[in-house]
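First the structure, in the form of structure tokens, and then the observations on it.
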Amino acid sequence: MTWAEAVGTLSFSLMIEEFNEPDEPGIPDRDADLPQLLDFLGRMDELKHVQRQNPVSNGSRRENTAEHSWHVAFACLLFSRYAAESIDTVQCVGLAVVHDIVEVVEGDTFVYGPQASSRRSREERAIGVLLSSLPRPERESLERDWREYEFTQTAEGRYVMALDVLLPIFMNLTAGEQSSWRRHGVDAAAVRRRVDGVRETIPALARMAYEAIDKAIERGLLKAA
């Protein structure tokens, strides 16, 4: 059952009529899209059930995509003054919230796994399917934001991408024996290459990430090259 179905189409329409002034003649009813938007919000609730490979910091379980997106969004606020480029922090938070919504359709793709090479093509198809139920304004806005992040088209997109790459490094180090690195036998060189790709975006945080990789090698969490 969708969220709008749970409310009930008839009762939802009556609610709109009761609490809103009638639209002027010739102007489309702007509230007509509310059931679609409510249903999509309900669909996004499914991100709480998409399990990722990365653990939570204490290693007790694996994080879900909703938690990960929130964490990246919060990091956008914390590290903005370390960004190499001038950024709009509010836009960055929006991109962080949107950046992994395709995982509702595709699930999480482990960046060091065999499916990583096909991730972008699969997610490009998935974003169209996912957003197809939305009214045009929201569909176009969300797809634009997703592409801004995915293709690092702006300073904001690059900043959010960098945080998306760097945060799991600190989480995996903190999780210790329960890290996804240890579970999958990840090579340190592969993690370094990921950092190499974003180090110019948040240089100070990237330096800390390199240090975290060295510590992970010492602790046997990553395989040394």
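The values are calculated or read from the model by the stated rules, or taken from the named source; none is laboratory data. In this text, all values refer to a predicted model and were calculated from it rather than measured experimentally. Every residue, glycine among them, receives a Cβ derived from its backbone with ideal geometry; neighbour counts consider all protein chains shown. Heavy atoms of the whole protein, side chains included, go into the accessibility calculation; ligands, DNA and RNA do not. Shrake-Rupley method; radii C 1.70, N 1.55, O 1.52, S 1.80 Å.
Some points to look at:
- In this simple spin-label model, placing a label point 7 Å from the Cα along the Cα-to-Cβ direction at both Met208 and Ser118 gives a separation of 3.7 nm.
- Cα shape, the stretch 118-198, gyration tensor, a/c 1.5 rule: prolate
- In nm, spacing of pseudo-spin labels at Trp3 and Glu138 (7 Å Cα→C-beta vector): 0.7
- When both the stretch 49-104 and the stretch 128-191 are represented by their alpha-carbon centers, they are found 7 Å apart.
- Selected from Trp181, Trp146, Trp70 as most flexible by GNM, with the chain as the system and alpha-carbon contacts under 10 Å: Trp70
- Between Arg199, Arg52, Arg122, the Gaussian network model of the chain with springs among Cα atoms under 10 angstrom shows the greatest mean-square fluctuation at Arg122.
- Expected 222 nm ellipticity per residue - DSSP helices of 4 or more, -39500 (n - 2.57), all of the chain, to 500: -18000 deg cm²/dmol
- GNM flexibility winner over the chain from Leu95, Leu47, Leu167 (Cα, springs under 10 Å): Leu167
- Global form of the stretch 81-225, assessed from the alpha-carbon gyration tensor, a/c cut-off 1.5: oblate
- Note that the chain presents 55 Å² accessible area per residue, ligands and nucleic acids not counted, probe 1.4 Å.
- Take every pair of alpha-carbon atoms less than 8 Å apart whose residues are at least six positions apart; their mean separation over the length of the chain yields a relative contact order of 21 percent.
- Of all accessible heavy-atom area on the chain, the percent that carbon and sulfur account for (1.4 Å): 53
- 0 to 90° range, to nearest 10: angle between helix 155-175 axis and the chain longest Cα axis: 60
- Packing here is the average count of other Cβ atoms within 10 Å per residue, and on that basis the peptides 157-164, 202-209, 108-115, highest first, run 157-164, 202-209, 108-115.
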